[in-house]
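S.K.: Questions regarding the structure given below will be posed in turn.
The values are calculated or read from the model by the stated rules, or taken from the named source; none is laboratory data. Because the structure is a prediction, the values reported are computed rather than measured. Glycine also receives a Cβ, built like all others from the backbone with ideal geometry; neighbour counts cover every protein chain displayed. Calculation scope for accessible area: heavy atoms of the full protein, side chains included, ligands and nucleic acids excluded. Shrake-Rupley method; radii C 1.70, N 1.55, O 1.52, S 1.80 Å.
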Amino acid sequence: MSEPVVEVRGLRKSFRSGEKTLEVLCGVDLCLDAGESVSIRGESGSGKTTFVHILAGLEGFDAGDLRWRGRSLAGRRRAPLARERAVFLGMVFQSFYLVPEINALDNVLMARRMIRRPDRADRERAAEMLDRVGLGERGHHLPSQLSGGEKQRVGVARALMNRPSVILADEPTGNLDEITGNVIMDLLLKVCREQGTALVLVTHNKTHARSTDRELLLKLGKFEAAGGGDG
Ligand SMILES: Nc1ncnc2c1ncn2[C@@H]1O[C@H](COP(=O)(O)OP(=O)(O)OP(=O)(O)O)[C@@H](O)[C@H]1O
Ligand SMILES: [Mg+2]
């Protein structure tokens with residue numbers, strides 16, 4: 001029996017602003033197995049991005065437990081956690097977040113730089129990942145020389161560079177037209193499947209949500225099982 005990749009129990013998170021406290025997550029549970037994909041939908045402001053940032057260990061939480069491969073994140077020091085994060089998870093963002101001054105290949109290689117100085121095998125791996133996302137010929141192009149869909153392909157290649165256990169994708173198709181978004185979604189699901197990588201997908205797109213193993217809806221600070229007949 002392999003343990004869950006990510007385990008969240010009774011997670012609570014609120015934000016204080018002045019007198020007011022905004023309760024965003026009010027007891028959230030999630031258990032994600034190796035290679036499993038799950039989608040999260042929910043209204044704007046329901047806490048999806050907050051949840052993803054907490055999962056990534058980038059944001060703290062008030063109560064509950066979060067485990068990566070069975071190991072709790074509570075009380076962990078920043079630097080070792082950042083190193084572990086670079087190996088454990090990859091992130092794909094709505095606005096791509098590529099480094100504008102360096103080419104596509106070096107952007108993919110950035111993931112490796114978080115861990116160590118890249119060697120020749122790492123460069124080969126980065127080139128292979130670009131090839132995998134259909135950009136084998138575009139490694140020398142700067143982000144400004146790529147279309148939105150191509151930028152996101154680089155984002156997917158970068159996220160998978162370190163063979164992470166899980167990919168967190170926060171509205172990865174949110175800045176793309178419908179057809180390009182569908183292509184990126186298919187690609188993301190395919191490469192995750194090939195590498196046995198679990199996927200947490202935040203999306204407003206019901207079709208994309210349906211293409212994952214499990215669908216969740218974040219509502220009033222809790223997850224509800226989603227899917228079924230709501231169109
Ligand atoms: N650092 C912060 N300080 C105060 N409030 C915050 C902070 N970050 C998020 N919030 C609030 O928490 C709530 C959830 O925000 P979050 O970004 O997680 O929503 P979301 O579900 O990702 O929305 P969207 O679909 O628009 O991306 C919002 O009301 C937001 O204003
Ligand atoms: Mg968001």
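S.K.: Within the stretch 16-35, how many residues are more than 16 Å from ligand 2 (Cβ to nearest atom) and over 18 Å from the mean Cα position of the chain (by Cα)?
M.R.: The total comes to 9.
S.K.: Can you tell me which residues in the stretch 136-160 are within 23 Å of HIS208 (Cα to Cα) and open to solvent by less than 20 Å² (accessible area, probe 1.4 Å)?
M.R.: Listed by number, the residues that qualify are GLY149, GLN152, VAL154, GLY155, VAL156, ALA157, ALA159, LEU160.
S.K.: From ARG158, ARG163, which residue is charged (D, E, K, R), touching a residue at least 24 places away in the same chain (Cβ under 8 Å) and part of a helix (DSSP H, G or I)?
M.R.: The unique qualifying residue is ARG158.
S.K.: Conditions first: (1) within 16 Å of ligand 1 (Cβ to nearest atom); (2) surrounded by fewer than 13 Cβ atoms within 10 Å (Cβ to Cβ); (3) not polar (S, T, N, Q). ARG116 passes all but one, so which condition is the exception?
M.R.: Only one criterion in (1) within 16 Å of ligand 1 (Cβ to nearest atom); (2) surrounded by fewer than 13 Cβ atoms within 10 Å (Cβ to Cβ); (3) not polar (S, T, N, Q) is unmet by ARG116, namely (1).
S.K.: Restricting to the stretch 174-206, name every residue that is in a helix (DSSP H, G or I) and of a type in the set (S, T, N, Q).
M.R.: Result: THR180, ASN182, GLN195.
S.K.: Of everything in the stretch 36-70 that's within 16 Å of ligand 2 (Cβ to nearest atom) and among the hydroxyl-bearing types (Ser, Thr, Tyr), which residue is least open to solvent (accessible area, probe 1.4 Å)?
M.R.: Per the stated criteria, the residue is SER39.
S.K.: With the condition kept exactly as written, say whether any residue in the stretch 69-88 is closer than 27 Å to HIS204 by Cβ and within 16 Å of ligand 1 (Cβ to nearest atom).
M.R.: no
S.K.: Name every residue in the stretch 85-110 that is closer than 25 Å to GLY196 by Cα, away from ligand 2 (no atom under 16 Å from the Cβ) and open to solvent by 40 Å² or more (accessible area, probe 1.4 Å), in order of residue number.
M.R.: ARG85, VAL87, MET110
S.K.: Going residue by residue through the stretch 168-186, is there one that turns out to be over 18 Å from the mean Cα position of the chain (by Cα), β-branched (Val, Ile, Thr), at pLDDT below 95 and more than 30 Å from LEU25 (Cα to Cα)?
M.R.: Yes, the conditions are met somewhere in the stretch 168-186.
S.K.: From VAL24, VAL92, VAL52, VAL38, grab the single residue that is closer than 23 Å to ASP213 by Cβ, in contact with a helix residue (DSSP H, G or I) (Cβ under 8 Å, 6 or more places away or on another chain) and within 16 Å of ligand 1 (Cβ to nearest atom).
M.R.: The unique qualifying residue is VAL92.
S.K.: Do you know which residues across the stretch 157-173 are more than 16 Å from ligand 1 (Cβ to nearest atom) and small (Gly, Ala, Ser)?
M.R.: Selection gives ALA157, ALA159, SER165.
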